[in-house]
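Rule-based calculations on the coordinates, nothing more; no lab input. None of these values were measured; they are calculated from a predicted model. Here the Cβ positions follow ideal geometry from the backbone for every residue, glycine too, while neighbour counts run over all protein chains shown.
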Amino acid sequence: MEKNYETDLNELLDTVIKEGGSDLHFSVGRHPTVRISGALVPLVNKPILTEEDTKGLLYKLLTKENIAMFEANKEIDFSFNHQNKSRFRGNGFYQKGTIGGVLRLIPNVIRTLEELKLPSILETFCNKQQGFFLVVGPVGQGKTTTLASMVELINQQRGEHIVTIEDPIEYMYEPKKAMIDQREVRLDTKAFHTALVSALRQDVDVILVGEMRDYDTISAAVTAAETGHLVFSTLHTNNAAQTIDRIIDSFPPQQQDQIRVQLAGSLIGIFSQRLIPRIAGGLVPAYELLINNNAVSNLIRERRTHEINTVIETGSENGMIDMDRSIAELVRRGEISIENAYLHSFNPKTLERLI
């Protein structure tokens, strides 16, 4: 009897939602597995998946065009609505010659900065008319959610044109005061950088670039910020200093002095975040915030980015936030364990002094 993979898939996705999970994993030889509060939990009441199962589950999620693309490229990013109840971002891939997949739950409601337990100072960056603001951190640390909250704040407060460029589209915005156009790479545009260049001819005020993956995208984003637009984006970097170095290093050597000057002038801030398991369950953010002021601009121009960490550590009066101070505060409030504090610390010796 042929399996009904649509029914199986709906049951699994309902389980993710019901259990408060963030991700669903499926691969050959394992039970379907859900990530709950940061930990992977196998669904042992579900059968171990076969090659036929994982293919059946993934192909229920893909259009014919996406199936062809997946079989040609051996991997694919996509997003989909689950019975109009919630939205998921997915990635299909091959491993050891068999198909696997991971689906991430995207909440229907865009939570506020306060609900996300993020600092209210982030609102000041939403009020800027132009500049370059980055949210950075490893995969799965809530970068997209933070940016969605910031874009939604602008949507509620300003009658402006917002263009998002994503791969794939994750949060769906309902236009309020703002006009919002959401463009998906491959579906609505060929690439991030071509959509960015095109956005400059679309009477745009705010641009969200889902991810800066290459030199062309970074260059176009910096130019957009320089020319009177507010640009938000993400990078998979650990902290502010590393982020600036990564951007500069993506340019050819002969252009690096120029991008230093451009970045020194257009950057308004870099927010780095980590989601740490709470003692009471769930996850809580710890974060670092670099605000670009005259001192920081000079360090960028003068190739002294290694000094930026010190500026952040001593810049609390200017609104800057040090990651280890943020972690230490969570320990003092009894929200996270000492062990998890040290695990996520940028500088354990500094953290030891702060706790």
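Within straight-line reach of residue 96, meaning a Cα separation under 17 Å, sit the following lysines at least 8 residues removed in sequence or on another chain: 55, 74.
Since only 41, 265, 157 are under comparison, the one whose Cα sits farthest along the positive direction of the charge dipole of the chain, derived from C-beta charges on Lys, Arg, Asp and Glu, is 41. Shape class of region 28-175 from the Cα gyration tensor (axes a ≥ b ≥ c, square roots of the eigenvalues): prolate, since a/c reaches 1.5 or more and a/b is larger than b/c. Each Lys or Arg adds one and each Asp or Glu subtracts one; over the other residues with Cβ under 11 Å from the Cβ of residue 265, this totals +1. Of all lysines in the structure, those lying under 18 Å Cα to Cα from residue 117, and not within fewer than 8 positions of it along the same chain, are 143. Shown here: the chain, whose C-alpha atoms stretch 70, 51, 42 Å along the first, second and third principal axes, sorted largest to smallest.
Relative to the Cα centre, the charge distribution of the chain, modelled as +1 at Lys and Arg Cβ and -1 at Asp and Glu Cβ, gives a dipole magnitude of about 320 debye. Note on region 276-329 and region 79-128: Cα centroid distance 24 Å, given to the nearest whole angstrom.
Ordering 272, 219, 297 from the fewest to the most neighbouring beta carbons within 10 Å gives 297, 219, 272. DSSP beta bridges confined to the chain are antiparallel in about 60 percent of cases. Quick check on region 141-300: of the DSSP beta bridges with both residues there, what percent are antiparallel, nearest 5%? Given both bridge residues lie in region 141-300, the antiparallel proportion sits at roughly 40 percent. Would you list, by chain and number, the aspartates and glutamates whose Cα falls below 18 Å from the Cα of residue 60, excluding same-chain residues fewer than 8 positions away? Within reach: 2, 6, 8, 11, 14, 23, 51, 52, 71, 75, 77. Residue 124 to residue 347: FRET efficiency via 1/(1 + (r/R0)^6), r the Cβ-Cβ distance, R0 25 Å, to the nearest 0.05? So, using R0 = 25 Å, E works out to roughly 0.40. When the Cα positions of 88, 29, 76 are compared along the charge dipole of region 1-93, 88 comes out farthest toward the positive end, with charges on each C-beta of Lys, Arg, Asp and Glu.
Here the average projected area of the convex hull drawn through the C-alpha atoms of region 5-106 stands at 6.1 nm².
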